[in-house]
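Enquirer: Below is one structure. I have some questions about it.
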Amino acid sequence: MSDLFFDLRATHNPHRWYLPLTPKVCVGPPGNMFMFGGVGLASAIAAMERTCERPVIWATAQYLSYARPPQVVDLDVWVPNAGKYNTQARVVSHVDDKEILTVNAALGSRPSEISRQWVQRPDVPPPLDCPVGEHWRGEEEDLHSRIETRVAKGLYGDVRAGEAEDDGRLILWIKPSDGRYAIDSSMLAVIADHVPSGIGSALGQSGGGNSLDNTIRIRHIVPTEWVLCDIRIHGIHGGFAHGAMYMFAEDGELMATASQSVIVRTRADRTQR
């Protein structure tokens with residue numbers, strides 16, 4: 001079993017896990033950091049997979065509140081139904097009595113020889129031929145400092161003001177900076193929470209947002225160093241954006257898809273809820 005990107009710890013109860021928060025799994029300005037939403041979903045996936053001893057098929061998180069370092073997030077795994085091949089489960093993540101997020105999921109696998117994909121990897125240069133995506137928060141120690149990003153198409157990080165992408169797409173190569181973290185379902189969940197990064201690129205201005213939800217659907221995870229993330233912002237209206245991501249291995253294998261709804265923020269109102 002590979003190391004996890006976050007410090008998820010077991011308890012004597014196989015249905016209870018906990019996650020101490022440090023800046024390494026958080027984002028936000030100094031003094032106002034909070035747990036990265038993708039870490040919330042990823043830790044719930046890891047807890048369910050370990051409790052149920054089955055792989056996640058899909059999982060969806062509803063974000064309710066913020067958890068901040070040095071708080072400890074408790075994760076309670078509930079399994080209302082476990083069948084021959086599929087398990088239905090959910091996780092309630094909370095700090096003391098305050099619920100932070102709820103994750104619903106299905107886990108399992110079925111015997112089948114069918115393996116096909118119709119969505120194809122975009123034709124972009126390999127990661128090392130693409131410019132480095134420098135996050136706008138710079139060298140601060142947080143989650144973004146542990147993620148390496150290369151920009152294959154669109155605007156990202158420090159360089160988000162420019163010509164808007166007419167198709168609303170941002171294409172990134174992403175990998176954990178530390179090579180000991182393999183690409184697994186929980187790592188893909190962390191990566192999937194980069195959908196809001198596409199908002200600024202789609203608008204051609206400094207913008208992003210706070211996730212209301214995050215849904216990931218796992219198809220087929222294969223060994224890969226980099227994940228090619230085809231982010232597509234579908235539309236924005238009434239202060240909310242809706243977008244999706246297709247996640248490919250370097251060889252073009254479609255590993256997962258994700259989708260989110262996001263409260264749209266510009267640099268001017270980023271600190272407002």
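Enquirer: For region 252-266, does any single residue satisfy the condition of being open to solvent by 20 Å² or more (accessible area, probe 1.4 Å), in a strand (DSSP E or B) and of a type in the set (G, A, S)?
Expert: yes
Enquirer: Just need a number here: residues in region 176-196 that are open to solvent by 20 Å² or more (accessible area, probe 1.4 Å) and either charged (D, E, K, R) or part of a strand (DSSP E or B) (or both).
Expert: Qualifying residue count for the region: 3.
Enquirer: Of everything in region 22-55, what is open to solvent by 10 Å² or more (accessible area, probe 1.4 Å) and of a type in the set (A, V, I, L, M)? Give them in sequence order.
Expert: Correct list: V27, M33, M35.
Enquirer: Shifting gears a bit: Quick check: anything in region 4-12 at pLDDT below 95 and either small (G, A, S) or open to solvent by 40 Å² or more (accessible area, probe 1.4 Å) (or both)?
Expert: Within region 4-12 (the criterion being at pLDDT below 95 and either small (G, A, S) or open to solvent by 40 Å² or more (accessible area, probe 1.4 Å) (or both)), the answer is no, since none of the residues qualifies.
Enquirer: Between a first residue in region 217-236 that is more than 22 Å from V151 (Cα to Cα) and without any contact (Cβ under 8 Å) to a residue 40 or more places away in the chain and a second residue that is among the charged types (D, E, K, R) and buried (at least 19 other Cβ atoms within 10 Å of the Cβ), which pairs have beta carbons less than 9 Å apart while being 6 or more apart in sequence or on different chains?
Expert: Hits for this filter: I221/D184.
Enquirer: Mind counting the residues in region 238-251 that are touching a residue at least 60 places away in the same chain (Cβ under 8 Å) and open to solvent by 30 Å² or more (accessible area, probe 1.4 Å)?
Expert: Qualifying residue count for the region: 2.
Enquirer: Let me ask you something else. Could you pull out the residue among G179, G252, G207 that is of a type outside the set (S, T, N, Q) and at pLDDT 95 or above?
Expert: One residue alone meets the criteria, G252.
Enquirer: Does G235 qualify as being more than 17 Å from Q120 (Cβ to Cβ) and open to solvent by 20 Å² or more (accessible area, probe 1.4 Å)?
Expert: yes
The values are calculated or read from the model by the stated rules, or taken from the named source; none is laboratory data. Source: prediction; values computed, not measured. Because the Cβ atoms are built from the backbone with ideal geometry, glycine has one as well, and the counts that use them run over all protein chains shown. Heads up: the accessible areas ignore ligands, DNA and RNA and are worked out on the full protein's heavy atoms, side chains in. Shrake-Rupley method; radii C 1.70, N 1.55, O 1.52, S 1.80 Å.
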